[in-house]
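These notes are about the structure you will find just below.
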Amino acid sequence: MDPLLQLVSLLQLVSLQKASGCWELNASLAAVFGKTESEVANHRPAQVDGSVWATVLALIWLYACRSDDQVEWQFVAMKAASWIRSQKPEGLSQCVSDGNVLLGGQVTEGMLGI
Ligand SMILES: *[C@@H]1O[C@H](CO)[C@@H](O)[C@H](O)[C@H]1NC(C)=O
């Protein structure tokens with residue numbers, strides 16, 4: 001992908017993060033992943049709510065697709081991981097593996113710090 005487009009999508013993701021550290025599952029976020037909102041929503045594992053799913057996906061996308069720019073997003077990711085841990089969600093492993101399938105990543109819960 002064009003480096004400028006990569007930067008724009010990273011900035012877009014960062015701008016969509018809420019103050020609490022999570023993301024909302026909506027069309028803007030799905031567009032960062034190159035997907036439609038329904039495509040992303042339809043793959044959501046049953047145990048987790050939309051924000052947990054959206055936030056896990058955002059983390060997977062950063063680690064899988066933007067690993068070269070980690071310096072730029074490490075604080076964004078730290079805040080997101082801390083929000084996820086605070087939610088104590090059920091079925092997080094399933095969520096990470098479903099997220100890897102959707103985004104074509106191979107990241108582990110340990111890598112994401114969740
Ligand atoms: C998606 O959610 C973010 C964060 O709440 C918000 O800034 C953005 O405008 C929303 N996009 C749409 C299409 O609703």
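Read-outs throughout are calculated quantities, based only on the coordinates presented, and are distinct from any laboratory measurement. If you're wondering where the values come from, they're calculated on a predicted model, not measured in any experiment. We place every Cβ from the backbone using ideal geometry, glycine too, and count neighbours over all the protein chains shown.
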Next on the checklist: What three numbers, in Å, describe the spread of the alpha carbons of the chain along their principal axes, ordered from the longest?
Outcome noted: 37, 28, 27
Checklist entry - Dipole of the chain (Lys/Arg Cβ +1, Asp/Glu Cβ -1, origin at the Cα centre): which of Pro3, Pro89, Val71 lies farthest to the positive side? => result Pro89
Checklist entry - In debye to the nearest 20, how big a dipole does the chain give about its Cα centre with +1 on each Lys and Arg Cβ and -1 on each Asp and Glu Cβ? => result 260
Checklist entry - In a shell of Cβ-Cβ distance under 15 Å around Val40, excluding Val40 itself, what net charge do Lys and Arg (+1) and Asp and Glu (-1) give? => result -3
Checklist entry - What is the distance in Å between the Cα centres of region 7-62 and region 73-110? => result 11
Checklist entry - Using mean Cβ contacts within 10 Å as the protection proxy, how do 14-25, 44-55 order, highest first? => result 44-55, 14-25
